[in-house]
Amino acid sequence: MDHFSERRTIHLRVNGQEVQCTVEVRKLLADFLREDLGLTATRLGCEHGVCGACTLVLNGDSVRSCLLFAVQADEAEILTVEGLAPEGRLSQLQQAFWDNHALQCGFCTSGFLMTAYDLLQKNPHPTEEEVRYGLSGNLCRCTGYANIVKAVLAAASTGIEPLETNRK
Amino acid sequence: MKPLKFEYARAESVEQALSFLAEGDEATRILAGGQSLVPLLNLRVAQVTRLIDINGLSELSFIARENGALRVGALTRHRDLELSQSVRAAQPLLSRAAAEIGHLAIRNRGTIGGSLAHADPAAEWPLLSVTLDARLTLRSKSNSRAVAARNFFAGPLTTAIQPDEMLCEVRFPAPAGRTLWGFQEFCRRPGDFAIAAVACQISLDERGLCAAAALGVGGAHSTPLFISDVEKVLRGSRGEDTALKEAAEKAATAIDPSSDLHASADYRRRLVKVLALRALKQAWAEPGSRT
């Protein structure tokens, strides 16, 4: 029996929802979420791990979804931007971005939100220096970063709510 | 860009991974953290026809102290090394270097084994392994051998690993007695590869004099470079300025840096002299670096 294959069936949970799909093994996790599941808020920028636009949370940790194959997410728990917001509202983190004008074109925003989410889970009360350092793996061409830093600090000061685990 | 077609298998044991390698060829590659390999696949720069996913091999992910030495499994993530209390207690230089690698998302997935096998001359683990005289365990289906890190790196992205071998473990030897350490990395933005980096470890005898010294340079040569002349210069000293400056000079003359879009060779050489001096001063100055 040959253990190698070009296609595989995977089972995973995405934003609380069970998913099963058969995919080409070379399909990137980002492309799987965008094309197979229609979750297009995860962006692709550089496709080699430096811009941060593709950042999402896998099994509780922020990762580059352009550097993971969908088959590697078998049996995993994925959180994307679409999973941050409670039904019909912005999450506190997203609201902080809105209130502090931390986005313009919005292309980098998904990646920043997921990076900020992991940052605040691991360090709920970061200093400005820690926020700047923690966000340094995400690139933005529009804003000049200052308002993004302000937004993350604002979210940290109010505290971000834990996610609802039962999501439709 | 998207990767070319390849076949994929998930190894269920180290033995199975080694069997897959034995059956394969140069285009059969190990997938660990993927933070170095997948960019090459996405850019279609690496030739891979079979990918062996070893992320399920938990027996390759460990941090163990053994009589003061540190044994680290190849699949151990940078993030785990960064946070490990064992590592911080045994060799704080390793904790400091781990924290410097890329960004959090990279450290959450990237592994020490992957970084060593990928062998970017500007990466942190190659520099640390060479500076601290680590031993790397390479296994194949029929053999196991230990290679000194100082003999492991042959050139940029080139190592002693044979096509049928997998790096399984790294062993950092026990520091001798009281040790000091320094680490200086220069780059334009946090998370970038080093334009140049210097790591050093100094062992003191009972009188507080230097008994042994190891200094390595990264990013300024075709491989990370251990500067063997530094120990002769520093042995017996108490970290006097003249001795440190002479040691830094040895580092700057030993390297053969290249010019690229980040820096000229001349710039790198000057930078190494400054960083080496700073790293040595850091070692002798920081109370926290004394064990």
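Just so it is clear, none of the values below were taken in a lab; they were calculated from the coordinates. Bear in mind the structure is a predicted one, so any value in this text is a computation, not a measurement. Ideal geometry is used to build each Cβ from the backbone, glycine not excepted, and the neighbour counts take in all protein chains shown.
Observations
- Order of B:TRP125, B:TRP181 - criterion: other Cβ atoms within 10 Å of each residue's Cβ, fewest first: B:TRP181, B:TRP125
- Computed extension gain for B:THR253 through B:ASP205, at 0.36 nm per residue and net of the alpha carbon distance, reaches 14.4 nm.
- For the residues B:PRO163, B:PRO92, B:PRO126, a GNM of chain B with alpha-carbon springs under 10 Å puts the largest fluctuation on B:PRO163.
- In chain B, the longest principal axis of the Cα atoms and the axis of helix B:265-285 are about 70 degrees apart.
- Per residue Cα convex hull volume in Å³ - calculated over region B:76-145: 100
- Inter-chain Cβ neighbour count for B:10-20, averaged per residue, equals 1 (cutoff 10 Å, partner chain atoms only).
- As a ratio to 2.2 N^0.38 Å, the alpha-carbon radius of gyration for region A:7-83 is 0.96.
- Calculated [θ] (222 nm, deg cm²/dmol) that DSSP helices of n ≥ 4 give over chain B, each run adding -39,500 (n - 2.57): -9500 deg cm²/dmol
- Amide H partners (placed H, <5 Å) of B:GLU7, local residues excluded: B:ARG50, B:LEU51
- Phi angles across region B:212-224 convert, under the Karplus curve 6.51 cos²θ - 1.76 cosθ + 1.60 with θ = phi - 60°, into 3J(HN,Hα) values of 8, 9, 10, 9, x, 10, x, x, 10, 7, 5, 9, x Hz, Gly and Pro given as x.
- Peptide A:67-80 has a mean of 3 when you count, residue by residue, the C-beta atoms of other protein chains within 10 Å of its C-beta.
- Distance between modelled label sites at B:LYS281 and A:PHE107, nm, 7 Å Cα→Cβ extension: 4.3
- Lysine pair number, Cα distance threshold 24 Å (strictly under), chain B, separation 8 or more or different chains: 9
- Contact order for chain B, expressed relative to its length and based on alpha carbon pairs under 8 Å spaced 6+ residues apart, stands at 15 percent.
- FRET E, pair B:ALA27, B:ALA154, Förster distance 25 Å, beta-carbon r, rounded to 0.05: 0.80
- Computed from the C-alpha gyration tensor, the three semi-axes of the ellipsoid equivalent to chain B are 33, 21, 16 Å, from longest to shortest.
- Bridging of A:LYS150 to lysines at a Cα separation below 26 Å is possible for A:LYS122, once same-chain residues fewer than 8 apart are set aside.
- In region B:171-236, Rg over Rh equals 1.04, where Rg is the alpha-carbon radius of gyration and Rh the Kirkwood radius from pairwise Cα distances.
- Cα-based convex hull volume of region B:179-289 per residue, rounded to whole Å³: 90
- ³J(HN,Hα) computed for each position of region A:8-21 - Karplus, 6.51 cos²θ - 1.76 cosθ + 1.60, integer Hz, glycine/proline x: 9, 9, 10, 10, 7, 10, 10, 6, x, 9, 6, 9, 9, 7
- Potential lengthening between B:ARG88 and B:ASP229 on full extension [0.36 nm per residue; Cα-Cα distance subtracted]: 47.9 nm
- Cβ neighbours within 10 Å from other chains - mean over A:47-54: 5
- Mean silhouette area of region B:1-75, derived from the convex hull of its C-alpha atoms and averaged over all directions, reads 5.7 nm².
- Under Karplus coefficients 6.51, -1.76 and 1.60, residue-wise ³J(HN,Hα) of region B:156-166 in Hz, glycine/proline x: x, 6, 10, 10, 7, 5, 7, x, 9, 10, 10
- Legend: P(r) of the protein assembly as shown from all alpha carbon pair distances, 20 Å bins from 0, whole percents, reading 24, 53, 22, 1.
- With the simple model of a label 7 Å out from the Cα in the direction of the Cβ, B:SER264 to A:ALA76 spans 4.5 nm.
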